């Protein structure tokens with residue numbers, strides 16, 4: 001009697017396990033069907049060109065690459081100013097750039113004097129002056145999202161030398177100032193002001209995938225089944241994550257967790273192109289500067305090289321092949337040189 005009951009329980013357990021596995025398989029298959037449909041229906045943005053920083057007459061200036069004519073032309077140059085940062089919105093439809101006239105080279109922090117903020121009007125392809133910047137010992141700028149741009153300037157207080165003033169300005173994509181606030185830090189008590197940068201985009205726009213870390217390894221969680229997709233990346237820090245409009249590719253900028261952050265040029269960074277459909281890494285670009293890439297439609301654009309040999313690579317995701325390299329005498333970059 002006991003033996004029959006035991007065998008019956010085993011049989012019920014096996015049936016339940018098989019039903020569970022079938023349900024899990026059906027769910028995973030359904031997710032793959034949904035992904036395939038989204039890939040098929042995807043309409044990536046047309047790649048017409050982009051703005052970048054390049055050397056001209058000994059000064060960092062702005063250029064524009066026109067894909068239709070396959071030409072690179074000077075966009076903005078000043079005899080008195082040099083471009084120190086170009087920041088394009090996440091959707092690549094708006095941009096600000098920062099210039100300076102002088103820099104305190106002996107300062108322990110990046111310094112800016114007589115700085116200016118400009119906006120690039122993408123519709124009429126012209127640069128527009130926004131505002132004169134206050135002098136500071138450090139400038140930090142980034143996009144919060146496609147519509148809001150943040151500019152932070154840290155400066156030594158003119159009255160009390162142990163005070164650092166942190167001025168934070170928020171602009172909309174058209175250059176209108178939305179807010180302007182200043183915080184005062186006593187570095188002997190509060191320490192130097194720390195700015196928390198926006199986190200990488202860990203979740204895909206369609207919410208089908210999530211980047212997670214498990215046992216020091218990067219994995220991609222497929223939703224809603226929570227199926228774990230393994231990657232070959234261990235002990236890596238995600239610096240930037242971008243989900244291509246083709247719904248197929250995930251682009252990752254990674255670096256070693258233990259890497260010293262003394263210089264952006266010497267870090268062992270690399271870009272990985274991951275195929276969400278095939279669930280594998282398709283391409284890796286090694287030993288690149290730790291600078292953010294940009295993604296326009298099916299085209300991945302990033303810096304390669306170092307110092308005056310810095311150049312821009314354009315990679316076609318659809319064909320999984322190099323599209324073009326842009327070189328300027330003295331170096332060029334999608335952000336700064």
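Worth a mention:
- Cα-Cα P(r), the chain, percent of pairs per 20 Å interval: 26, 51, 17, 5, 1
- For q = 0.10, 0.16, 0.17, 0.22 Å⁻¹, Debye-computed log10 I/I(0) when each Cα of the range 209-333 counts as one equal scatterer: -0.32, -0.80, -0.89, -1.33
- Between the helical axis of 2-41 and the longest alpha-carbon principal axis of the chain there is an angle of about 40 degrees.
- Inter-centroid distance (Cα atoms) of the range 181-211 relative to the range 36-99, Å: 26 Å
- Label point distance in nm, residue 324-residue 38, each placed 7 Å from Cα along Cα→Cβ: 3.1 nm
- By other beta-carbon atoms within 10 Å, ranking 40, 166 with the fewest at the front produces 40, 166.
- Calculated on the Cα set of the range 78-186, radius of gyration then Dmax: 14.3, 46 Å.
- Length-normalised contact order of the range 78-186 in % [C-alpha pairs under 8 Å, at least 6 apart]: 17 percent
- Over the range 209-333, Cα pairs under 8 Å with separation of 6+ residues give a relative contact order of 14 percent.
- Length gained when the stretch residue 196-residue 281 is fully extended (0.36 nm per residue, less Cα-Cα span): 27.6 nm
- Linear extension gain, residue 203 paired with residue 74, 0.36 nm per residue minus alpha-carbon span: 42.7 nm
- For the chain, averaging the sequence separation of C-alpha pairs within contact (under 8 Å, six or more residues apart) and dividing by the residue count gives a relative contact order of 13 percent.
- Estimated purely from DSSP H runs of n ≥ 4, each contributing -39500 (n - 2.57), the mean residue ellipticity at 222 nm for the chain is -4500 deg cm²/dmol once divided by its residues.
Any read-out appearing in this document is the output of simple, stated calculations on the displayed coordinates, not a laboratory observation. Small disclaimer: the values here were computed from a predicted structure and weren't measured. Glycine gets a Cβ as well: all are built from the backbone with ideal geometry, and neighbour counts include every protein chain shown.
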